[in-house]
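Input: a single structure, listed below in structure tokens.
The values are calculated or read from the model by the stated rules, or taken from the named source; none is laboratory data. All figures in this text were calculated on a predicted structure; none of them were measured in a lab. Cβ atoms come from the backbone with ideal geometry, glycine included; neighbour counts cover every protein chain shown.
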Amino acid sequence: MFTLYYAKGTAALPVHIALEEAGAEYELRLLDFTAKDHLQPDYLNVNPKGRVPALVTDDGILTEAPALLAYIGQTYSAANLIPSTPFGFAQAQEFNLYIAATVHVAHAHKMRGARWSDDTASHNAMRMKVAENMTGCAEFIENRYLKGPWVLGEQYSVCDPYLFLVTRWLKGDGVDESAFPNILAHRARMEARPAVQAVLKFHE
């Protein structure tokens, strides 16, 4: 039995979807960021970073969405959520790390400017750049990373819930979604999946 610590609107969403797709047994612990649950001693004992997701396993605690997605995919290999070859696995990691290290950071400049500057006057300048940066990320995904109906082509994988998270951010980040038909089609396919439908009610 796993325990997933999550907050709404965060990178815990793809991890939750992956657990559901894998048929894993898990329980949820919702953190309210507005109440600063993530900064309370009980949670900092779970994840000293004070962020989500965090997954409690029988072997220990894991954090960081790409690591959790890889772990779930490898633990539940029968669910076929991750490529079985070293090169295929590396491709999945390449995409997920791009989301974590580039796309998520570009998105976070909208509301977390204090991470990069103590000058509050600069935070608005960061917010003004978000639409441009996120549009650039969407263009790269649309033209380079979506290899078929799913991120890796014909095979649904742990990359797809991660992309789904990003597509839910685009409009709010000022991106013209109509310019990205492949991404919109991917989002529609994700929304039709039973596992996604089962999970979304916990994240709205």
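Computed quantities for the displayed model
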| read-out | value |
| --- | --- |
| Candidates Glu21, Glu64, filtered to the one that is under 23 Å from Ala101 (Cβ atoms) and of a type in the set (Asp, Glu) | Glu64 |
| Qualifying positions in the range 21-32 - surrounded by 12 or more Cβ atoms within 10 Å (Cβ to Cβ) and over 17 Å from Glu64 (Cα atoms) | Glu21, Ala22, Ala24, Tyr26 |
| Residue in the range 105-116 that is under 23 Å from Ser157 (Cβ atoms), at pLDDT 95 or above and of a type in the set (A, V, I, L, M, F, W, C) present | no |
| Cβ pairs under 9 Å, 6+ apart, first in the range 87-99 and free of Cβ contacts under 8 Å to residues at least 40 places away in the same chain, second part of a helix (DSSP H, G or I) | Phe89/Ala70; Phe89/Gly73; Phe89/Gln74; Gln93/Pro66; Gln93/Ala70; Glu94/Tyr145; Leu97/Pro66 |
| Selected residue (only one of Ala54, Ala12, Ala7, Ala18 is within 12 Å of Val158 (Cβ to Cβ), surrounded by 14 or more Cβ atoms within 10 Å (Cβ to Cβ) and at pLDDT 95 or above) | Ala18 |
| Within the range 119-204, helices (runs of 4 or more DSSP H) holding 2 or more residues that are modelled with pLDDT under 95, farther than 19 Å from Ala100 by Cβ and of a type in the set (S, T, N, Q) | 120-140 |
| Output for the range 39-80, where each listed residue is within 15 Å of Tyr26 (Cβ to Cβ), of a type in the set (Ser, Thr, Tyr) and in contact with a helix residue (DSSP H, G or I) (Cβ under 8 Å, 6 or more places away or on another chain) | Thr57, Thr75, Tyr76 |
| Residue, surrounded by the fewest Cβ atoms within 10 Å (Cβ to Cβ), within the range 183-196, restricted to residues that are closer than 14 Å to Arg168 by Cα and not charged (D, E, K, R) | Ala188 |
